[in-house]
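Single-structure report; data block below.
The values are calculated or read from the model by the stated rules, or taken from the named source; none is laboratory data. Treat the numbers as computed from the prediction; the structure is a model and nothing was measured. Quick reminder, even Gly has a Cβ in these numbers, built from the backbone with ideal geometry, and neighbours come from all protein chains shown.
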Amino acid sequence: MFITERLFLGAYDGLLRSGAKKKDIALVRVPGAFEIPLAARMLAETKKYDAIVCIGCLLRGDTAHYDVIVNEVTRGIGQSAQETGVPHAFGVLTCETLEQAIDRAGLKMGNKGFEAAMAAVEMVNLKRAVVGRRSLVVGKSKGKGKSSKPRR
């Protein structure tokens, strides 16, 4: 679909502008939005990726199918991020009309793929700051000859 391609191009541009190298960006296509959470989980579990940018587009139809899929995709992406510890950016459009989707894929409302990539970069930086940071509070141990250990 041309919407998801525009979202991908926006995300790709955002990642490159943020310093990512082309060789470090992997594109994985799935048959539909419902498959995004499982693909994201599989990628995250490899521990090869700093972040996963999930991109897709769901358009409301005349049945409840849309609501079911939106809820499952959203829940699955969030659950994958929480359980793997790998940041997942949500770039899945949930639109009432094709016109809304076009607007969010690079026209009137910017490119939500680009925005998702920027969110991924911010979360990777946050994770690095939190995980890589040591406490500045150091206490003395009670035993003789033991070194001080950082407190968390």
Check your understanding: Counting only residues that are touching a helix residue (DSSP H, G or I) at 6+ places or on another chain (Cβ under 8 Å) and part of a loop (DSSP other than H, G, I, E, B), which one in the stretch 38-84 is nearest to R104 (Cα to Cα)?
Key -> R60
**Study point:** Odd one out for D50 among (1) without any contact (Cβ under 8 Å) to a residue 60 or more places away in the chain; (2) within 14 Å of the chain's Cα centre (by Cα)
**Key:** (1)
Exercise for review: Scan the stretch 135-150 and give yes if some residue there is modelled with pLDDT of 95 or more, of a type in the set (V, I, T) and touching a Ser or Thr at 6+ places or on another chain (Cβ under 8 Å), otherwise no.
Suggested key: no
Check your understanding: Does A101 count as part of a helix (DSSP H, G or I), closer than 28 Å to S18 by Cα and small (G, A, S)?
Key -> yes
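Conditions tested, residue by residue: (1) surrounded by 12 or more Cβ atoms within 10 Å (Cβ to Cβ); (2) not basic (K, R).
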{"site": "E5", "(1), (2)": "yes, yes"}
{"site": "F8", "(1), (2)": "yes, yes"}
{"site": "A11", "(1), (2)": "yes, yes"}
{"site": "G14", "(1), (2)": "yes, yes"}
{"site": "R29", "(1), (2)": "no, no"}
{"site": "R41", "(1), (2)": "yes, no"}
{"site": "A44", "(1), (2)": "yes, yes"}
{"site": "D50", "(1), (2)": "yes, yes"}
Practice item. Kindly indicate the residue of the stretch 35-67 that is among the β-branched types (V, I, T) and modelled with pLDDT of 95 or more and also nearest to R128 (Cα to Cα) among those meeting that condition. Key: I52
Review point. When you go through V92, V86 one by one, which is the residue that is hydrophobic (A, V, I, L, M, F, W, C), within 14 Å of R6 (Cα to Cα) and within 11 Å of the chain's Cα centre (by Cα)?
Key: V92
